[in-house]
Amino acid sequence: MVEFAGRISRRGFGAGLAGMAALTAAGGVRRAQAADNAIVIATIGEPGPLDPTIVTSDLVSIITQHIFETLYTFDGGWQVRPLLADGMPQISADSKLYTIKLRSGVHFHDGSAMTADDVVASLQRWLNLSPRGKQVAPYVEQIGADGALGLTIQLKSPYAPLLALLSMSNGAAAIIPKAMTQSTAALTTYVGTGPYRFAEYKPDQYIRLTRFDGYSSPVGQPDGYAGERRALIEELRFVPVPNPSTRVDGILSGEYQFADSLPAEMLPRLRGKPTVSPITVKPFGFPLMIFNSKAGPLANPVLRQAAQAALSCGDMLAAAFGDPSFFEVEGSIYAKGTPFYDEASVTAYNLNDAGRAGTLLKQAGYAKQPIRIMTSQQYDFLYKMSLVAQQNLQDAGFEVDLQVLDWATLLQRRGDEKAWDAFFTYHTFVPEPSLITILNPAYPGWWDTAEKHAVMDAFNGETNPARRVEDWKKLQGLFFQQAPAIKVGEFYNLAARSARVTGYTTTPWPFFWNVRLG
Amino acid sequence: MLRYLARRAGGLVVVMLLVAVIVFIIARVVPGDPAAVMLGSSATPADVAALRAQLGLDQPLPVQFLLYLRQIASFDLGNSLFLNRPVLQALGERAQLTTLLTLMSAGIAVLIGVPVGVISAVKRGSVIDQAATAVSMLGASLPSFWVGLTLIEYLAVRHAWFPVAGWGDPGDGLLAHLHHLVLPAVALGLPNSALIIRFTRTSMLDVLQDDYVRTARAKGVRPLGVVVHHAFRNAMIPVLTVIGLTVATLIGGAIVTETVFGLPGVGNLIVSAVLRRDYPVIQGTLLVISGIYVLINLAVDLLYAAVDPRVRF
């Protein structure tokens, strides 16, 4: 009987090995074929509806920026540059009338030519449906076509962030055919003017974009998102890979040619590998601990200042990211090297002064009400820094109720002003300060004081770049004085590309035009 | 037999109705809002409220429940809030992968578990038996995600014999798809084979001590014949139950394995749906999986009759 079992076992084992070898050979051939004409990009997950206007998620914009285009975009120094517009707009002396000329010969992926009517309808859709467009809408008097390739935007009052908002690729003023702008629902067909056209979406499997042969590129040396765009690779394939270690394994094995958002602690696995180039994305984002300025104990600004005094942002960042090359203890909301960087107005950051916090607690008459802090383990770095914050606050005399929730629950609860006192989130780098969510009085946290309104209005109405920077410094000073939130510091993103990928430009929202596969 | 089947079918309807109610309640009791997830973290409460209204999520729960029941009655599981397609279609697209993965994992678990269990019982107390016991204990203790990550590291990253993750390229045939499933199936099947080894061994040991086995040996039946024709078939009845339960467990295990290997299967669909609070997908998928569980149990019960002629319905 042992003989029998052994025979079966050996035969089965042999057949199994042969089968697996056949499968390995078959799969290997397929993979090699696919890699010749396509680039596989491993993303953090499933994006959901690919509507860049309604949705503000970074993942959606990383994909859709290849399909849809805006009138303007950003260059490498985060200055606004034309994309579908033919040059920068003419702005009237009172800064209320923008006259925009469109590039001729631009076609949508359905073959139709882009006209001013399409642009006007797209901008109206953006004003009605996009969170960023809604921010602009109160300032807009009228948008109208001026011939086939011209349009005007008439404002009620000067609004300096307009061009930056028209340049963003998420919550984007994406230009689509007029016929597609009629519905208020998210887009279900994806027709834009970009260098890649939508080909296929298999949820949880891949999104395929193929080269648009009728693409009309802007001219000029490529610089950031601006300048000439050439689709050098035939097909882009975005593959959702939620498990970060699988993304690392996939780039190491050569299965992916680009992998986004990798854990910093995995950098040693990527270093020294000839087939892989690790990428550190700077600037990338900043973690925030947002206080409830509207209700609960932290509606008292003195208590928020006490929390501000208690926190050790350096310890929070170290706990969250470990490797110092992936974070910087930086209080300025804009990092060094960006136009709005300012150190002087950072007046209360990384103090970790329990004594000062205790004094402020007494001054505020704090009666040990529990401070409900919401955090989530879905973003490990937020969870780790919330543990340090909890300890800092308790050391200073706060009673802390740390609530660990899943991200969907946190997003829901933060809309209820009575449900929380602080929550952790993060903000991706945005080139225009008015896009920072905490400055929006409707955003959870509800920072909405008269002083802030006055400074914010002046900042938004100022069109002179130098004077805008001065206004921004005042706004940042107020941020540290009124403490609606804690900017914990700067953190950087780790991504990786195959050594075969050349011509790649490092940006927070990776793009793949002008990229070659060697 | 027909009466038995009719009775079980009636029970199936009642179970499914109960599952439908429980799943609806669980999905709604858990906090979280699909509209907030869909719009991203930059959205304001007003934006979220507007989308909730558009998706019909602002309607009272009893109204939503009645709509849901009406859909189920017409065999419609509704539309996914995220995927822009009916739940049934989304499930259908992923069913092939999960079915293949479950079958391959079950095959691996059975092909390892049953022979090793039989040999272990026949060679009771030997080195082979002790090794099989040790390996099965170890296998039972290893989580499938750890096995998966280890297999990826050694067989996919270092040797590139198998793909790291995914379901293949567009246009791939069945062979290439199966190639993508080898590592996940091993990761899932290996730990589950341990339970089958244990049950097969125990069941065989019981049967090998029965009188009819002793009689067969006394009659001069060859040892192989005793094991195969007399002991093995009778020992399989409790093992079949375990295999049935293992297949059901594999469907659950596929949730973790599909996530680790980035496989677009039903498990991944559930995880994504829960994270996004995609209520129709959560409800529809759990309803279908519950139905499959019940059907597997029914199939196992019917198999008893095939294995043991004494069993009649």
### Task
Within segment A:499-518, count every residue that is assigned to a loop (DSSP other than H, G, I, E, B) and farther than 13 Å from A:Ala38 by Cβ.
13
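Report yes if B:Asp33 is of a type in the set (D, E, K, R), within 8 Å of another protein chain (Cβ to nearest Cβ), closer than 24 Å to A:Glu46 by Cα and touching a residue at least 40 places away in the same chain (Cβ under 8 Å), otherwise no. Steps first, please.
On the way: of a type in the set (D, E, K, R): yes; within 8 Å of another protein chain (Cβ to nearest Cβ): yes; closer than 24 Å to A:Glu46 by Cα: yes; touching a residue at least 40 places away in the same chain (Cβ under 8 Å): yes.
Spelling it out, B:Asp33 is indeed of a type in the set (D, E, K, R), within 8 Å of another protein chain (Cβ to nearest Cβ), closer than 24 Å to A:Glu46 by Cα and touching a residue at least 40 places away in the same chain (Cβ under 8 Å).
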### Query
Looking at B:Lys123, B:Lys219, which is the one that is basic (Lys, Arg), surrounded by fewer than 23 Cβ atoms within 10 Å (Cβ to Cβ) and more than 13 Å from every other protein chain (Cβ to nearest Cβ)?
B:Lys219
### Task
Pairs only if they're at least six apart or on different chains, beta carbon under 6 angstrom, first in segment B:108-136 and over 14 Å from B:Gly189 (Cα atoms) and touching a residue at least 12 places away in the same chain (Cβ under 8 Å), second of a type in the set (Asp, Glu) and crowded, with 17+ Cβ neighbours inside 10 Å; list them, first residue then second.
B:Ser120/B:Asp129
### Query
Tell me, which residue of segment B:242-271 that is of a type in the set (S, T, N, Q) and more than 13 Å from B:Leu91 (Cα to Cα) is farthest from the other protein chains (Cβ to nearest Cβ)?
B:Thr249
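Using the structure shown, decide if B:Gly225 is surrounded by fewer than 19 Cβ atoms within 10 Å (Cβ to Cβ), within 10 Å of chain A (Cβ to nearest Cβ), within 30 Å of B:Leu151 (Cα to Cα) and among the small types (Gly, Ala, Ser).
Against the criterion (surrounded by fewer than 19 Cβ atoms within 10 Å (Cβ to Cβ), within 10 Å of chain A (Cβ to nearest Cβ), within 30 Å of B:Leu151 (Cα to Cα) and among the small types (Gly, Ala, Ser)), B:Gly225 does not qualify.
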### Task
Could you tell me whether segment A:327-338 includes any residue that is among the charged types (D, E, K, R), away from chain B (no Cβ under 14 Å), buried (at least 22 other Cβ atoms within 10 Å of the Cβ) and within 30 Å of A:Phe459 (Cβ to Cβ)?
yes
### Query
From the list A:Phe479, A:Phe459, which one is crowded, with 21+ Cβ neighbours inside 10 Å, at pLDDT below 95 and not in a loop (DSSP other than H, G, I, E, B)?
A:Phe459
### Summary
The correct count of residues that are in contact with a Leu (Cβ under 9 Å, 6 or more places away or on another chain) and at pLDDT below 90 in segment A:251-268 is 3
### Query
Just to be sure, is A:Arg230 basic (Lys, Arg), touching a residue at least 40 places away in the same chain (Cβ under 8 Å) and surrounded by 23 or more Cβ atoms within 10 Å (Cβ to Cβ)?
no
#### Entry: Conditions (1) in contact (Cβ under 8 Å) with a residue 40 or more places away in the chain; (2) over 24 Å from the mean Cα position of the chain (by Cα): number failed by A:Gly272
(1)
### Summary
The number of residues in segment A:211-241 that are more than 11 Å from every other protein chain (Cβ to nearest Cβ) and assigned to a strand (DSSP E or B) is 5
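Of the residues that sit in segment A:113-151 and are hydroxyl-bearing (Ser, Thr, Tyr) and not in a helix (DSSP H, G or I), which one is modelled with the lowest pLDDT?
A:Ser130
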### Summary
Taking segment A:420-458 and keeping residues of a type in the set (A, V, I, L, M, F, W, C), more than 28 Å from B:Ala49 (Cβ to Cβ) and over 17 Å from the mean Cα position of the chain (by Cα) leaves A:Ala454, A:Val455, A:Ala458
### Task
Output the residues belonging to segment A:251-274 that are within 11 Å of chain B (Cβ to nearest Cβ) and either among the β-branched types (Val, Ile, Thr) or not in a helix (DSSP H, G or I) (or both).
A:Ile251, A:Gly254, A:Glu255, A:Tyr256, A:Ala259, A:Lys273
### Residue selected from segment A:187-206 under the condition aliphatic (A, V, I, L, M) and within 11 Å of chain B (Cβ to nearest Cβ), by the criterion farthest from B:Pro264 (Cα to Cα)
A:Leu187
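Residues checked against (1) in contact with a Lys or Arg (Cβ under 9 Å, 6 or more places away or on another chain); (2) among the aliphatic types (A, V, I, L, M):
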position	(1), (2)
A:Val60	no, yes
A:Thr64	no, no
A:Ile67	yes, yes
A:Trp78	no, no
A:Leu84	yes, yes
### Message
Where the second residue is surrounded by fewer than 20 Cβ atoms within 10 Å (Cβ to Cβ) and the first is farther than 24 Å from A:Ala148 by Cα and lies in segment A:73-92, which pairs have Cβ atoms under 7 Å and are six or more apart or on separate chains?
### Response
A:Phe74/A:Gly224; A:Asp75/A:Asp223; A:Asp75/A:Gly224; A:Gly76/A:Asp223; A:Gly76/A:Gly224; A:Trp78/A:Thr338; A:Trp78/A:Pro339
### Task
Specify which of the listed residues (B:Val37, B:Val23, B:Val29) is closer than 28 Å to A:Leu405 by Cα and surrounded by fewer than 13 Cβ atoms within 10 Å (Cβ to Cβ).
B:Val29
### Query
For the subset of segment A:466-476 comprising residues that are in contact (Cβ under 8 Å) with a residue 40 or more places away in the chain and either more than 13 Å from A:Ile333 (Cβ to Cβ) or over 24 Å from the mean Cα position of the chain (by Cα) (or both), which member is surrounded by the most Cβ atoms within 10 Å (Cβ to Cβ)?
A:Arg468
### Query
Yes or no: B:Ala165 modelled with pLDDT of 90 or more, within 13 Å of chain A (Cβ to nearest Cβ) and closer than 24 Å to A:Arg247 by Cα?
no
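This table checks each residue for (1) among the polar types (S, T, N, Q); (2) over 24 Å from B:Leu263 (Cα atoms).
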position: B:Thr133; (1), (2): yes, yes
position: B:Leu149; (1), (2): no, no
position: B:Pro170; (1), (2): no, no
position: B:Arg198; (1), (2): no, yes
position: B:Thr202; (1), (2): yes, yes
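Restricting attention to segment A:157-186, report how many residues are within 14 Å of another protein chain (Cβ to nearest Cβ), assigned to a loop (DSSP other than H, G, I, E, B) and under 20 Å from the mean Cα position of the chain (by Cα).
Within segment A:157-186, residues that are within 14 Å of another protein chain (Cβ to nearest Cβ), assigned to a loop (DSSP other than H, G, I, E, B) and under 20 Å from the mean Cα position of the chain (by Cα) number 6.
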### Query
Which one of A:Ser183, A:Ser169, A:Ser245 is surrounded by fewer than 22 Cβ atoms within 10 Å (Cβ to Cβ), under 28 Å from A:Ala495 (Cα atoms) and not charged (D, E, K, R)?
A:Ser245
### Query
What about A:Tyr443, is it within 13 Å of chain B (Cβ to nearest Cβ), at negative phi and without any contact (Cβ under 8 Å) to a residue 12 or more places away in the chain?
yes
### Query
Does segment A:410-422 hold any residues that are at the interface with another protein chain (Cβ under 10 Å from one of its Cβ atoms), under 24 Å from A:Lys384 (Cα atoms) and either of a type in the set (D, E, K, R) or crowded, with 21+ Cβ neighbours inside 10 Å (or both), and which are they?
A:Leu410, A:Leu411, A:Gln412, A:Arg413, A:Arg414
### Message
Residues that are farther than 26 Å from A:Val430 by Cα and β-branched (Val, Ile, Thr): does segment A:313-334 have at least one?
### Response
no
### Query
For B:Leu81, are the conditions met, namely being within 13 Å of chain A (Cβ to nearest Cβ), over 30 Å from B:Leu205 (Cα atoms) and either within 25 Å of the chain's Cα centre (by Cα) or surrounded by 20 or more Cβ atoms within 10 Å (Cβ to Cβ) (or both)?
yes
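The values are calculated or read from the model by the stated rules, or taken from the named source; none is laboratory data. Note that the structure is predicted; figures quoted are calculated from it, not measured. No Cβ is skipped: glycine too gets one built from the backbone with ideal geometry, and neighbour counts run over all protein chains shown.
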